[in-house]
Amino acid sequence: MKIVTGAFGYIGRYITQYLLDRGEEVRTITTHPDKPNPFGHLVKSCKYDFENPEMLIGHLRGADTLYNTYWIRFPRDHLTFESAVRNTEVLFSCASAAGIRRIVHISVTTASVDSPLPYYRGKGEQEALLAKCGLDYSIVRPTLVFGKEDILVNNIAWLIRHFPFFPLFGDGKYKIQPVDVQDLARIAVEASRFPTGTITDAVGPESFTFDQFVALIIEALGSRCRPVRISPTLGIGFGKLIGLAVGDILLTSDELRGLMSNLLISDQNPNGVVRFSEWLKEHRDLLGATYSSEVRRHFRWRRVD
Ligand SMILES: NC(=O)c1ccc[n+]([C@@H]2O[C@H](COP(=O)([O-])OP(=O)(O)OC[C@H]3O[C@@H](n4cnc5c(N)ncnc54)[C@H](OP(=O)(O)O)[C@@H]3O)[C@@H](O)[C@H]2O)c1
């Protein structure tokens, strides 16, 4: 049996589907076990309880592989990057106690304990925990992940649909190399068979400068929105205003600085096959049609029966 954290979330959902399609039995651990379960009786859900390791060990027992997606996009309420790292440590030690043999961990390109950006530093600290936990492990580091349930690309498209101009931070010449979420799921499952300690980037076949990326989306949507260059500081201010209006955090400063520092690219050969430009043509009617809220997804989610 395989455990996938966050099977009702974004990347975890695709890893789960990929495993189910190959006849694997899957259980999930999630923040919201009462969210609609797209897999029905095929996937049993359990709740993360980092304060109760015995319970967590029980959720993990019987599985051989843990696919870990657990992380936060930004600190909020009592949950900080530091506490998310501590929770990850609890999860990994419970995995060891439960007899898990291998952890496949979803990280991010250029994660590093030395990063000045707290998001990337926390991801580096998660990776460092793996090396200490005594289990076999593989690390998969995606760039920007596109797919139907994605938040960032969707909300870029939402802005393009709703505003006459799109804020291009700085010169717009920094690069991104987006990877398809289904490609990422395949790469993660393949990584479960790699020698322990292997780090693999998950990288799409196309790379764009950010201004090219925005222009491509504008063209695909048939929008009259115009990219306008603004300073990063003004960009963050604009993002905060929109965030206030929609009750969300549109873009974090770590995301902006990571993007502008070319952290969402890789020098590895692409292992993703889906081209963003092709995917965009197929999904242009739905992309950005509604705003995707991280806050609603994780903090204000309520079941409506
Ligand atoms: N999305 C991207 O473009 C991208 C790019 C590079 C790397 N990554 C990495 O890929 C991994 C998965 O990302 P994802 O986009 O698929 O995330 P996700 O579905 O939003 O979350 C993954 C897991 O973390 C839990 N989680 C997220 N935010 C939380 C919060 N504030 N409080 C408590 N639990 C929280 C989720 O809870 P639920 O079970 O309730 O959903 C889920 O179990 C992360 O480690 C991320 O760093 C993502």
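The values are calculated or read from the model by the stated rules, or taken from the named source; none is laboratory data. Bear in mind that the values here come from a model prediction, so they are computed numbers and not experimental data. Methodologically, a virtual Cβ is constructed for each residue, glycine included, from the backbone with ideal geometry; neighbour enumeration extends over all protein chains shown.
Results, tabulated for the structure shown:
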quantity: Residue match in the range 47-56 (condition: crowded, with 16+ Cβ neighbours inside 10 Å, under 20 Å from the mean Cα position of the chain (by Cα) and not basic (Lys, Arg)); calculated: yes
quantity: Any pair with Cβ under 6 angstrom, 6 or more apart, that starts in the range 74-87 at a residue that is more than 20 Å from Leu250 (Cβ to Cβ) and at pLDDT 95 or above and ends at one that is assigned to a helix (DSSP H, G or I) and of a type outside the set (Gly, Ala, Ser); calculated: Val85/Glu125
quantity: Tally of residues being assigned to a helix (DSSP H, G or I) and within 13 Å of the ligand (Cβ to nearest atom) across the range 57-70; calculated: 1
quantity: Candidates Thr88, Thr65, Thr5, filtered to the one that is over 15 Å from Ala188 (Cβ atoms), surrounded by 17 or more Cβ atoms within 10 Å (Cβ to Cβ) and out of contact with any Cys (no Cβ under 7 Å at 6 or more places or on another chain); calculated: Thr88
quantity: Per-region count, the range 258-274, residues buried (at least 18 other Cβ atoms within 10 Å of the Cβ) and charged (D, E, K, R); calculated: 0
quantity: Neighbours by Cβ (under 8 Å, 6+ apart or cross-chain): first from the range 97-123, in contact (Cβ under 8 Å) with a residue 24 or more places away in the chain; second away from the ligand (no atom under 12 Å from the Cβ) and among the aromatic types (Phe, Trp, Tyr); calculated: Arg102/Tyr137; Ile103/Phe92; Ile103/Tyr137; Val104/Tyr137; His105/Tyr137
quantity: Among (1) of a type outside the set (Val, Ile, Thr); (2) loosely packed, with under 12 Cβ neighbours inside 10 Å; (3) without any contact (Cβ under 8 Å) to a residue 40 or more places away in the chain, the one test that Ser231 misses; calculated: (3)
quantity: Qualifying positions in the range 225-279 - among the β-branched types (Val, Ile, Thr), touching a strand residue (DSSP E or B) at 6+ places or on another chain (Cβ under 9 Å) and not in a loop (DSSP other than H, G, I, E, B); calculated: Val228, Ile230, Ile236
quantity: Answer residue from the range 130-150, given it is aliphatic (A, V, I, L, M) and either buried (at least 20 other Cβ atoms within 10 Å of the Cβ) or at pLDDT below 95 (or both) and is nearest to the ligand (Cβ to nearest atom) among those; calculated: Val145
quantity: Of all residues in the range 1-41 being within 19 Å of Val104 (Cα to Cα) and small (Gly, Ala, Ser), the one that is farthest from the ligand (Cβ to nearest atom); calculated: Gly23
quantity: Search result, residues across the range 190-219 that are outside any strand (DSSP E or B), touching a Leu at 6+ places or on another chain (Cβ under 7 Å) and either of a type outside the set (A, V, I, L, M, F, W, C) or buried (at least 20 other Cβ atoms within 10 Å of the Cβ) (or both); calculated: Phe210, Asp211, Val214, Ile217
